[in-house]
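So the structure is just underneath, and the comments pick up after that.
The values are calculated or read from the model by the stated rules, or taken from the named source; none is laboratory data. On a predicted model such as this, the values are computed, not experimentally measured, just so you know. Glycine gets a Cβ as well: all are built from the backbone with ideal geometry, and neighbour counts include every protein chain shown. The area values use the complete protein model at the heavy-atom level, side chains included, leaving out ligands, DNA and RNA. Shrake-Rupley method; radii C 1.70, N 1.55, O 1.52, S 1.80 Å.
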Amino acid sequence: MPKTGPEAAPAPEGPSGTPAASAGAVPAAVSVLGQNQYGKAEVRVVRVVREGAVHHLRDLNVSIALSGDLDDVHLTGSNAHCLPTDTMKNTVYVFAKEHGIASPEEFATRLARHFVTTQPSIHRARVRVEEYAWDRLTDPAEGPAHSFARSGGETRLCEVTYEDGRRQVISGLKGLTVLNTTDSEFHGFAKDPYTTLPETRDRILATEVSGRWRHARTEDTPAEDAGTEPDWDTSYRETRAHLLAAFAGTYSLSLQQTMHRMGSRIIEHRPEIAEVRFSLPNKHHFLVDLAPFGLGNDNEVYYAADRPYGLIEATILRAGHEARIPVDHSNL
């Protein structure tokens, strides 16, 4: 008879201290597959439209991520549901040729819709686009216009997510550096034993705007009825203009106050926008002490510090809407 009681041999244990499965039993799974996606990242495509001597240019960086019925490729190595990422790259180039690039948002929507509606295993597509701006070097009214210089300004962004016949469109920008030389104060802030920052009634306020704004419309436009698409370029241009006007026109007591005014002005003037999110580093400018040289410094000479910096972030919503833009911009 097997021993029982205190002299019985202990049951063998697994690595975590739990009893090991008996011989012949199927062990319980210790891992399960969670969220997964795959795609082609950073497909560079440049599309030129030639209207006689006048040429038009759109320069994009496209990243595609697909998800759906993809368990087998992870669990068994079966590629039956896995569309090659090289095919995604080729689709970008073919669509640029066949359909042109009316705007980043329209192009991203067309790609996302294509992958979901033509691949039964794909249920959701996310397409992110960066657009790089080019400035004309010649006036089309004065002759041939085919020369450009890469703009040194911001990068235009968009993200389109397509699922169940609906889409979410997030537009935005990054790398837009702005600065006010006055009309900015910072005082009355909380202090503790480690606070050394002096209060100021006049300072430089500078930041590099990273902003995203979500469009309220989620209905998809049928591919054969593209004429009903929103005017994405005008929406981007006007939204950008409003955030700049708010930055320039706000007498600032804090970067938070200025940022809120930038988002509020967009919501107030652009009815197609439901949500705005900003991430604004405070690009500090400190007055240089010129007293050792017998000189005063009446807000004239500054040291521009690149780090460390304050980082101010917030979401501004249209009343009645929920926040959907990811809080962390680093992956958007």
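Total residues in the range 73-104 satisfying the condition of being touching a residue at least 60 places away in the same chain (Cβ under 8 Å) and hydrophobic (A, V, I, L, M, F, W, C): the figure is 1. Would you please name the residue that is nearest to T315 (Cα to Cα), looking only at residues in the range 244-263 that are open to solvent by less than 50 Å² (accessible area, probe 1.4 Å) and touching a strand residue (DSSP E or B) at 6+ places or on another chain (Cβ under 6 Å)? Only one residue tops the list, namely G263. Of the residues making up the range 124-154, those that are over 15 Å from S63 (Cα atoms) and touching a Phe, Trp or Tyr at 6+ places or on another chain (Cβ under 9 Å) number 8. Quick one: which strands (runs of 3 or more DSSP E) lie wholly within the range 235-332 and hold at least 3 residues that are under 18 Å from the mean Cα position of the chain (by Cα)? Filter on the range 235-332 gives 273-282, 310-317.
Quick check, is G153 modelled with pLDDT under 95, exposed (fewer than 15 other Cβ atoms within 10 Å of the Cβ) and of a type in the set (G, A, S)? Write out each step before concluding.
Values: modelled with pLDDT under 95: yes; exposed (fewer than 15 other Cβ atoms within 10 Å of the Cβ): yes; of a type in the set (G, A, S): yes.
Criteria met by G153.
Of the residues Y303, Y251, Y236, the single one that is without any contact (Cβ under 8 Å) to a residue 60 or more places away in the chain and of a type in the set (S, T, Y) is Y303.
Number of residues in the range 119-137 that are open to solvent by 50 Å² or more (accessible area, probe 1.4 Å), out of contact with any Gly (no Cβ under 6 Å at 6 or more places or on another chain) and assigned to a strand (DSSP E or B) equals 5.
Screening R150, R128, R113, R156 for residues that are of a type in the set (D, E, K, R) and free of Cβ contacts under 8 Å to residues at least 60 places away in the same chain leaves exactly one candidate, R150. Among residues of the range 321-332 that are within 22 Å of R217 (Cα to Cα) and open to solvent by less than 70 Å² (accessible area, probe 1.4 Å), those with a beta-carbon under 6 Å from a residue that is in a loop (DSSP other than H, G, I, E, B) and modelled with pLDDT under 90 at least six positions away or on a different chain give the pairs P326/L332.
Filtering the range 28-55 to residues that are among the charged types (D, E, K, R) and open to solvent by 80 Å² or more (accessible area, probe 1.4 Å) leaves E42, R44, R50, E51. The residue of the range 138-150 that is modelled with the highest pLDDT, among those that are among the charged types (D, E, K, R) and not in a loop (DSSP other than H, G, I, E, B), is R150.
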